[in-house]
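Here's the structure, in structure tokens; my notes come after.
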Amino acid sequence: MSHTGLSQPYCLDLTPMLERQQQQESNARSYPRRIPLVLERAHGIYVQDSRGQVFVDCLAGAGTLALGHNHPVIIEAITQLMTAGVPMHTLDLMTPVKDAFVQEIFGCLPADFARNARIQFCGPSGADAVEAALKLTRTATGRHSVLAFEGAYHGMTLGTLAISGNLSPKNALGALMPGVQRLPFPHDYRCPFGVAGEQGVTLNLRYLEHLLNDPESGVTLPGAMILEPIQGEGGVIAAPDRWLQELRRLTAAHGIPLIVDEIQCGIGRSGRMFGFEQSGITPDVITLSKAIGGGLPLSVMVYNDSLDVWQPGAHAGTFRGNQLAMAAGTATLRFIRDNHLVAHAETVGAHLRKQLQALQGEFPWIGDVRGRGLMLGMEIVDPHGLADVQGHPPVDAVRAKAFQQACLRHGLIVELGGRHGATVRFLPPLIITEQEIDFVAQILFEAARSV
């Protein structure tokens, strides 16, 4: 594949196939509106469209493709399974393929968590794992409310939307799952308390502690608290270590199970195998999906066995026995471990961050660079707009969209997220090299000069 987007901007006009997509697919479709491509081939970090134009894929299936497109170890695992005469679909019956996958999952968990862990296979999407976590903790505690956070994203089912932050998919739906108490998530650049740094973390924790201890708070003792160690859709916001540590102390003291959603930031992306490991905490429940299936649909929930009091059949799903996904997932986890991709993600992620900060130094409409490992974001701002109480200019969603399109014309796929869709998000495969990141940086600078 030959990338030529730097020397000649690519054509993004609609093709007959894209026009048919517009006519026949649901109005709820999302990515094709911002990335109007017909993808035909892919390898590693690259994809090629129907015009033969080659793009660097820094979206990677929203972080699903840890090893990039069509990695040889995944192709080999799938091919071997399909020619071995083994069952392809087994519900939750045991198979050697399933056992190998479970051992790999348990092997990459922190030892103190794995020692007393149970695993539940869920449906094909991460949202189903989150739904399972809510059902498990409600059953185990006998309490039905849940503490969730502003800016969170946990899925698109009615239950997961109720604990997610974005209002857009909620507005037309009316009543969602009851009993959700929304809490402020620490955000250094846009602090909900109007202050930055350690003071903002302290105020956040004081608020949470007061809420749980005050008999007049109006908040009943919840059945669970759920959070992402790094909010992705919320704008690539990493939870501070001290905040997570104190949050774990508070939840443990009050007997509140802590659910950690690692669906996007887990499996090496943050520069740790799991995002929560940065702070050294031990959660009660972990939800996993995306990268654990090697690019194929699979989700699981792993949890402390003290919660395992629900009845047989309390959670099920037809496709929880996806053998191809388990084989691909096992191959992915082994490759990540054997090739030290977690440490690699931390190293090359730091290199990408430096490149983004260099871009920020040249273009004042890049307000903030943040994230961890290979889960990074840039918030696009209007440097001439009215500053907030922290002195930061307002977001500029129009420029963010223009910048995304300029990147696409020059051969780079990135996504937008965060408040008002003004954060440019980077989720490249974990196999990306420093040289490839330097090439991404060239595209970013070229795109930035054109908007």
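The values are calculated or read from the model by the stated rules, or taken from the named source; none is laboratory data. As the structure is a prediction and not an experimental result, all values here were calculated from the model. Cβ coordinates were reconstructed from backbone atoms using ideal geometry, including for glycine residues, and neighbour counts include every protein chain displayed.
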> Restricting the search to the stretch 420-438, which residues are in contact with a strand residue (DSSP E or B) (Cβ under 9 Å, 6 or more places away or on another chain), of a type outside the set (Gly, Ala, Ser) and buried (at least 18 other Cβ atoms within 10 Å of the Cβ)?
Replying inline: 423, 424, 425, 426, 427, 428, 429, 431, 432, 436
> If a residue has to be small (Gly, Ala, Ser) and part of a helix (DSSP H, G or I) to count, how many in the stretch 345-386 make the cut?
Replying inline: 5
>> Need the failing condition index for residue 88 against (1) within 23 Å of the chain's Cα centre (by Cα); (2) modelled with pLDDT under 95, just the number.
In response: (1)
>> For a quick check of your reading of the model, give me the residue pairs whose first member lies in the stretch 200-219 and is part of a helix (DSSP H, G or I), whose second is at pLDDT 95 or above and acidic (Asp, Glu), with beta-carbon atoms closer than 9 Å and at least 6 apart or on different chains.
In response: 200/188; 201/188; 201/246; 205/246; 208/246; 209/246
> Does residue 152 satisfy the criteria of being part of a loop (DSSP other than H, G, I, E, B) and over 17 Å from residue 251 (Cα atoms)?
Replying inline: yes
> Before we move on, is residue 180 modelled with pLDDT under 95, farther than 24 Å from residue 379 by Cβ and touching a strand residue (DSSP E or B) at 6+ places or on another chain (Cβ under 8 Å)?
Replying inline: no
>> Checking the conditions here, which among 358, 316 is out of contact with any Ser or Thr (no Cβ under 7 Å at 6 or more places or on another chain) and within 25 Å of residue 429 (Cα to Cα)?
In response: 358
> Taking the stretch 43-64 as the region of interest, how many residues are surrounded by 19 or more Cβ atoms within 10 Å (Cβ to Cβ), in contact with a Lys or Arg (Cβ under 9 Å, 6 or more places away or on another chain) and not in a strand (DSSP E or B)?
Replying inline: 4
> Looking at residue 172, is it of a type in the set (A, V, I, L, M, F, W, C), in the same structural domain as residue 309 (by TED's automatic domain parsing) and surrounded by 19 or more Cβ atoms within 10 Å (Cβ to Cβ)?
Replying inline: no
>> If I go through the stretch 238-282 residue by residue, how many of them are within 26 Å of residue 210 (Cβ to Cβ), touching a Ser or Thr at 6+ places or on another chain (Cβ under 9 Å) and touching a residue at least 60 places away in the same chain (Cβ under 8 Å)?
In response: 6
> Mind checking which residues of the stretch 407-419 are crowded, with 20+ Cβ neighbours inside 10 Å and part of a helix (DSSP H, G or I)?
Replying inline: 407, 408
>> buried (at least 22 other Cβ atoms within 10 Å of the Cβ), within 20 Å of the chain's Cα centre (by Cα) and of a type in the set (Ser, Thr, Tyr): is that true of residue 347 in this structure?
In response: no
> Exactly one of (1) within 25 Å of the chain's Cα centre (by Cα); (2) closer than 19 Å to residue 427 by Cα is unmet by residue 395. Its number?
Replying inline: (2)
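Per-residue answers, yes or no, for (1) within 24 Å of residue 427 (Cβ to Cβ); (2) assigned to a loop (DSSP other than H, G, I, E, B); (3) at pLDDT below 95:
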{"position": "5", "(1), (2), (3)": "yes, yes, yes"}
{"position": "19", "(1), (2), (3)": "no, no, no"}
{"position": "22", "(1), (2), (3)": "no, no, no"}
{"position": "36", "(1), (2), (3)": "yes, yes, no"}
{"position": "41", "(1), (2), (3)": "yes, no, no"}
{"position": "67", "(1), (2), (3)": "yes, yes, no"}
{"position": "78", "(1), (2), (3)": "yes, no, no"}
{"position": "100", "(1), (2), (3)": "no, no, no"}
>> Among the residues that make up the stretch 320-340, is at least one of them assigned to a loop (DSSP other than H, G, I, E, B) and either at pLDDT 95 or above or surrounded by fewer than 20 Cβ atoms within 10 Å (Cβ to Cβ) (or both)?
In response: yes
> When residues of the stretch 257-309 are filtered for being aliphatic (A, V, I, L, M) and either part of a loop (DSSP other than H, G, I, E, B) or closer than 20 Å to residue 375 by Cα (or both), how many remain?
Replying inline: 12
> Which residue out of 182, 190 is farther than 21 Å from residue 350 by Cβ and out of contact with any helix residue (DSSP H, G or I) (no Cβ under 8 Å at 6 or more places or on another chain)?
Replying inline: 182
> What number of residues within the stretch 383-421 satisfy the criterion of being of a type in the set (Phe, Trp, Tyr) and free of Cβ contacts under 8 Å to residues at least 12 places away in the same chain?
Replying inline: 0
